[in-house]
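Here the structure comes first, spelled out in C-alpha cells, and everything after it is commentary.
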Amino acid sequence: MTTLTLAKAINEGLRAAMEQDPKVLIMGEDVGKLGGVFRVTDGLQKDFGESRVIDTPLAESGIIGTAIGLALRGYRPVCEIQFDGFVFPAADQIITQLAKMPLRSLGKLRLPVVVRIPCGGGIGAVEHHSESPEAYFTHTAGLRVVACSNPVDAFHMIQQAIRCEDPVVFFEPKRRYWEKADLDRDATPVPFDRGRVVREGRDVTLLAYGPMVKTCLEAAAAAADDGRSVEVVDLRSLSPLDMEAIVRSVRKTGRCVVAHEAPVFSGLGAEIAARTTEACFYHLEAPVLRVGGFSTPYPPSRLEEHYLPDLDRVLDAVDRTFAF
Amino acid sequence: MTFDASQGAEAPPELVQLLTPEGERVEHPHYDIDLTPEEVRDLYRDLVLVRRVDKEAVALQRQGELGIWASLLGQEAAQIGSGRALTDADMAFPTYREHGVAWCRGVDPVNLLGLFRGVNHGGWDPAEHNFHLYTIVIGSQTLHAVGYAMGVQRDGADAATIVYFGDGATSQGDVNEAFIWASVFNAPVVFFCQNNQWAISEPLEKQSRIPLYRRASGFGFPGVRVDGNDVFACLAVTRQALKNAREGQGPTLIEAYTYRMGAHTTSDDPTRYRVASELEAWKLKDPIERVKAYLFRNQLADQDFFDAVDAEAADLGRDVRKRCLEMPDPEPLDMFDHVYVEPHVLVAEERDEYAAYLAGFEGAE
Ligand SMILES: Cc1ncc(C[n+]2csc(CCOP(=O)(O)OP(=O)(O)O)c2C)c(N)n1
Ligand SMILES: [Mg+2]
C-alpha cells in the first residue's frame, strides 16, 4: 500500500504500462525533460529514453496525426494535450481520422491511441486552461471517453486505456491532481467501462465524473447532516455510459441529479438525463435535474467559483428534486 | 546544418546588427537607421519602462495579485524596436508576451494585467490602439493578421499589419497556413517571430532543423534574421518590412534572435530543463545595457538623464501596482454579458436564474 497523488498515480500507471509493453510511447509538448507542466510524465524520459518519451514540436494536430501513424505501425502512443483548450487544433485528426479509421478498414486496422487531457477549472488559470470539452468527444462515434476522479482509479484506468484496442480520450481532473489516496496495486480494478457507487444512499442519486465527484461526495456528506441520504455514482466511463449502474441506483432512490463542469446546454448531462428518464420513468419521483456550467465561455478566474457548480449548487438541485 | 540553441551566444553571420552588445554602432549593407539623439533616448526610456512594468507584474504575481504572468525579460528590444516601427494606421496582433509592443501602441499597462489577474479576458479596445487582444492559443493570431491585411489590401489603405509569435509557434499548422495565405495573396503583413530559443521546456531544435527565417523562402517571400537584442536593428528591419508591405511588395518574415531571460511564465521552473551558463552568456547581450553604453560613449545623455528615467520607472512601477490592487473584481452576473451581440434567450434565462439563486443567499449568512 502506498499513498500517492492523482498526478503521481497516472505517472505510476504509465510507468507500469511502459514496462509491460515496449510498444507504449508517450508524446506531447514538454512531456520529456520537463515531465509535463503538471509533472504527470515526470522521470519517464530519463528512465525510458527519448525514443519512447517524445517531446514533440508544438502542434496538436501533428501529435495526434503522427500518433495515428505510429499506431498503424504497431505502437501504442499515449498523447498528452497540455490543456483542455488546446485540443481543438487536433480535433480534425481525432474526430475525422482517429475515430473512424478502424471502421473504414472493416476492423482490419486498430488504433490503440490514448489522448490524455487535463480538464476542468478551479486552478485560477487564464482562458483556455479550464474547459470541459468531453461532450465534443462523447458525440463522436468511435472514441471511448473516460474520466478519472481519484488516484486509485487513475492508476488502473490509464493502464486499461493503454491496453484498450480502441482510441480512448482520457480526461484528468487537473484541480484534483494533488489529491492523495492509498493505492493497493494488487487489488482488482473496476472494469474499464463501468461506473462505481462511491457513496451509498437511499433518497437521491448524484451522477458525476472527474473533478465533480469530490464535490458531490462533499454535498452528500452535508446533506446527511440534514438527514438526507444521497447516493453518489462516479460514472468513470462517459462513452459508453454504464447505464446499468445508473439505472440500478435511480430505481432505488427515485431521484437523480447529474453534475458536471461543462455547460448544461447540450452537455453530457442531457444524454444521461434522457436515458435515465427513458429507463426509470415509472420509478422517478421528479425529473432528472442537471447542474453545471453556464452557456457562456469559461469566465475570468475571479468568477470561476460562480461558474463551477459547487456544493451549494449541487445541494440546491437536490432540494429542487424534493420539491416536485 | 543543425541549429543548436546552446550556441546562441555565437551570433550567426546572417544576423542583422546595428548596435553591438558593447554599444558600438556597426554598418550593415542592407539596413541602416538614422536616429536623432532624442529618438535614441526615447528608445532607451521605452526599454527601461517596459522592463520595470514587467518586473512589477512578476512581483504582483508572487504576492498573489496576479494568477500568472508571462515575462518579456530579455525581449524588450525586439518588442520596442518593432513596436516603434509601426505607424498609427498599422495593426498589430500579439501573443500573450507582447507587453512592450502594447506599450508602444499606447495601451495602459494596467489594462494588460486584467487578463492575468483574472478579472477579464483582455481589458483594452483593440480598435482604439490598433493592437489586437492577446492570443493564448499558439499561432491562431497569424491567420487573423493575414485576413486583416487582406482587408487592408482591399481597402487600398496605406497601412500594414504585423503579427507576433514565438519560435515554438512556427510548428503550428495555423502559422504555416498563414504563410501560405500571405504569400498567395501578397498580403501586406509582417511576420515577427521572436525566437527566444525556448517553447516552455523545448529548445529550438525540437521545432526546426534550419534557422527559422529561412522558412520564408520556401513559402515564397523574404525572411531576415535580426539581432533581437538590438533595438536599432529591430526598428530598421521592421520599418523596411512594413514599408515593403504598404508598397505592395507582400509579406516578410522577421526572425528576432533573442532569449527568454526568465521562466516561461511565473508557473514555470526553468532549472528543470536549461543550464545557467546559457543565461549568463545572454546576459552579456542585454538589450538595455548596449543602448546605455551607446548613449554614454557618444555623450548623448548624462547621468541626470539616466537618473530621471530610473525615477520615472520607479514611479511607473508604483503606479501600476497601486492601480492593479484597485482593479475591481467583476460582478458574478458580468459573465453573462457580451456572449452574444443579439438578445439570446438561453443566456438571458440562465442569467435570471443565477441572479435569483444568488439572491437566495442574501441575508442568509
Ligand atoms: C495550441 C496551444 N498549445 C499549447 C499551448 C501551451 N503553451 C503555451 S505557451 C507554449 C510555448 C510557446 O512557445 P513559443 O511559441 O516559442 O513562444 P514563447 O512562449 O517562447 O514566447 C505552449 C506550448 C498553447 N497555449 N496553445
Ligand atoms: Mg519561444
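If only the Cβ of Lys and Arg carry +1 and only the Cβ of Asp and Glu carry -1, the dipole of the range B:148-227 around its Cα centre is close to 240 debye. Mean partner shielding of peptide A:27-34, defined as the number of other chain Cβ atoms within 10 Å of each residue Cβ, is 5. Take every pair of alpha-carbon atoms less than 8 Å apart whose residues are at least six positions apart; their mean separation over the length of chain B yields a relative contact order of 25 percent. Residues whose amide H lies under 5 Å from that of A:Thr56, counting only those 5 or more places away or on a different chain, are A:Gly28, A:Glu29, A:Asp30, A:Val31; hydrogens are built 1.01 Å from N in the peptide plane.
Shown here for the range B:208-258: chymotrypsin sites (Phe, Trp or Tyr not before Pro) in loop regions (DSSP other than H, G, I, E, B) with at most 16 other Cβ atoms within 10 Å, of which there are none. Between the residues B:Val137, B:Pro332, B:Gln79, the greatest Cα displacement towards the positive end of the dipole of the protein assembly as shown, with unit charges on the Cβ of Lys, Arg, Asp and Glu, is found for B:Val137. Here the label points at B:Tyr357 and A:Met1, each 7 Å from Cα along the C-beta direction, are separated by 3.9 nm in the simple model. Taking amide H positions as modeled 1.01 Å from N, with prolines and chain starts lacking one, the residues under 5 Å from A:Arg290 and 5 or more places away or on another chain are A:Val258.
What's the longest uninterrupted piece of chain A once you rule out the GluC sites (Glu not before Pro) that are loop residues per DSSP with at most 16 other Cβ within 10 Å? Within chain A, the longest run free of exposed GluC sites (Glu not before Pro) spans A:51-164.
Per the accessible-area calculation with a 1.4 Å probe, the total area buried between chain B and chain A rounds to 3400 Å². Electrostatic bookkeeping for A:Gly210 treats Lys and Arg as +1 and Asp and Glu as -1; over the other residues with beta carbon under 10 Å from its beta carbon, the sum is +1. Per residue, the solvent-accessible area of chain B (1.4 Å probe, heavy atoms of protein chains only, all protein chains present) comes to 42 Å². Shown for chain B are the DSSP H helices of 20 Å or more along their axis, judged by Cα atoms, with a mean Kyte-Doolittle hydropathy of at least -1.0: B:37-62, B:140-155, B:231-246, B:303-326, B:345-359.
Take B:Asp42: with every protein chain present and a 1.4 Å probe, its accessible area is about 70 Å². Our Cα-only numbers for the range B:135-255 put the radius of gyration and Dmax at 13.5, 43 Å. The distance linking the range B:320-343 with the range A:244-264 is 35 Å (Cα centroid to Cα centroid, whole angstrom).
Among B:Val347, B:Val58, B:Val107, the largest mean-square fluctuation in a Gaussian network model of chain B, built with springs joining Cα atoms closer than 10 Å, belongs to B:Val347. Looking at the protein assembly as shown alone, DSSP beta bridges between its own residues are antiparallel in about 20 percent of cases. Only Lys, Arg, Asp and Glu carry charge here, each on its Cβ (+1 for the first two, -1 for the last two); on that basis the range A:1-133 has a dipole of about 660 debye about its Cα centre.
Pairs from the list A:Lys174/A:Lys214; B:Lys55/B:Lys322; A:Lys8/A:Lys174; A:Lys23/A:Lys174 with a Cα-Cα gap above 18 Å: A:Lys23/A:Lys174. For the range B:260-298, trypsin sites (Lys or Arg not before Pro) meeting the loop criterion (DSSP other than H, G, I, E, B) and having at most 10 other Cβ atoms within 10 Å: none.
The modelled label-to-label distance for the pair A:Ser105/A:Glu50, using points 7 Å beyond Cα in the direction of Cβ, is 3.0 nm. What a 1.4 Å probe finds exposed on the range A:2-183 is 54% carbon and sulfur by accessible area, rounded to a whole percent. Relative to the longest principal axis of the Cα atoms of chain A, the long axis of helix A:60-72 lies at roughly 70 degrees.
Quick one: putting +1 on the C-beta of Lys and Arg, -1 on the C-beta of Asp and Glu, what dipole do you get for the protein assembly as shown around its Cα centre, in Debye to the nearest 20? That gives the protein assembly as shown a dipole magnitude of about 2400 debye.
Probing with 1.4 Å while keeping every protein chain in the model, the per residue accessible area of chain A equals 39 Å². Relative contact order of the range B:217-365: 16 percent, from C-alpha pairs under 8 Å at least 6 residues apart in sequence.
Applying both filters, DSSP loop and at most 11 other Cβ atoms within 10 Å, to the GluC sites (Glu not before Pro) of the range B:234-278 gives B:Glu247.
Between helix A:212-225 and chain A there is an angle of about 20 degrees, using the helix long axis and the longest principal axis of the Cα atoms. Taking other residues whose beta carbon is less than 15 angstrom from the beta carbon of A:Leu103, and scoring Lys, Arg as +1 and Asp, Glu as -1, yields +3. Which one of B:Val345, B:Val320, B:Ala356 has its Cα pushed farthest toward the positive end of the charge dipole of the range B:316-365, where Lys and Arg give +1 and Asp and Glu give -1 at the Cβ? Highest projection toward the positive end goes to B:Val320. Counting only protein heavy atoms and using a 1.4 Å probe, the accessible area of B:Arg51 comes to about 60 Å². In this simple spin-label approximation, A:Arg202 and B:Glu205 carry label points 7 Å from Cα along the Cα→Cβ vector, and these lie 6.9 nm apart. Length gained on full extension, B:Gln299 to B:Leu325, computed as 0.36 nm times the residue gap minus the Cα-Cα distance: 5.3 nm. Computed from Cα atoms, the angle from the helix A:243-253 axis to the main principal axis of chain A rounds to 20 degrees.
Here A:Phe322 sits with roughly 60 square angstrom of accessible surface, probe radius 1.4 Å.
Per residue, chain A reaches -10000 deg cm²/dmol at 222 nm when only DSSP H runs of four or more residues are counted, each adding -39500 (n - 2.57). Note: the protein assembly as shown, Cα convex hull, 173 Å³ per residue. For A:Leu25, the residues whose amide H sits under 5 Å from its own are A:Arg76, A:Val78, ignoring neighbours fewer than 5 places away on the same chain, with H placed 1.01 Å from N. Cross-link reach is defined here as a Cα-Cα straight distance under 17 Å, omitting same-chain residues fewer than 8 places apart; for B:Lys243 none of the lysines meet it.
Would you kindly state how much longer the chain becomes between A:Phe322 and A:Ala286 on full extension, computed as 0.36 nm times their sequence separation minus their alpha carbon distance, in nm to one decimal?
Values: separation 36, 0.36 × 36 = 12.96 nm, distance 0.73 nm.
Residue separation times 0.36 nm, minus the Cα-Cα distance, leaves 12.2 nm.
For A:Phe171, the shell of other residues with beta-carbons less than 9 Å away shows a net charge of -2, using +1 for Lys and Arg and -1 for Asp and Glu.
Using a cutoff of 8 angstrom between alpha carbon atoms and counting only pairs six or more residues apart, the relative contact order for the range A:178-262 works out to 41 percent. Dipole orientation for the protein assembly as shown: of the candidates A:Cys119, B:Trp69, A:Cys148, A:Cys148 has the Cα lying most toward the positive pole (charges on Cβ; Lys, Arg +1; Asp, Glu -1).
Note on the range A:249-289: Rg/Rh from Cα positions, Kirkwood definition for Rh, rounded to two decimals, is 0.97.
Applied to the range A:17-30, the Karplus parametrisation 6.51 cos²θ - 1.76 cosθ + 1.60 on θ = phi - 60° returns per-residue 3J(HN,Hα) values of 5, 5, 5, 6, 9, x, 7, 6, 10, 10, 9, x, 7, 6 Hz, with x for Gly and Pro.
The values are calculated or read from the model by the stated rules, or taken from the named source; none is laboratory data. Model, not experiment: these values are computed from the prediction. No Cβ is skipped: glycine too gets one built from the backbone with ideal geometry, and neighbour counts run over all protein chains shown. To get the accessible areas, we keep the full protein, side chains included, count just its heavy atoms, and leave off ligands, DNA and RNA. Shrake-Rupley method; radii C 1.70, N 1.55, O 1.52, S 1.80 Å.
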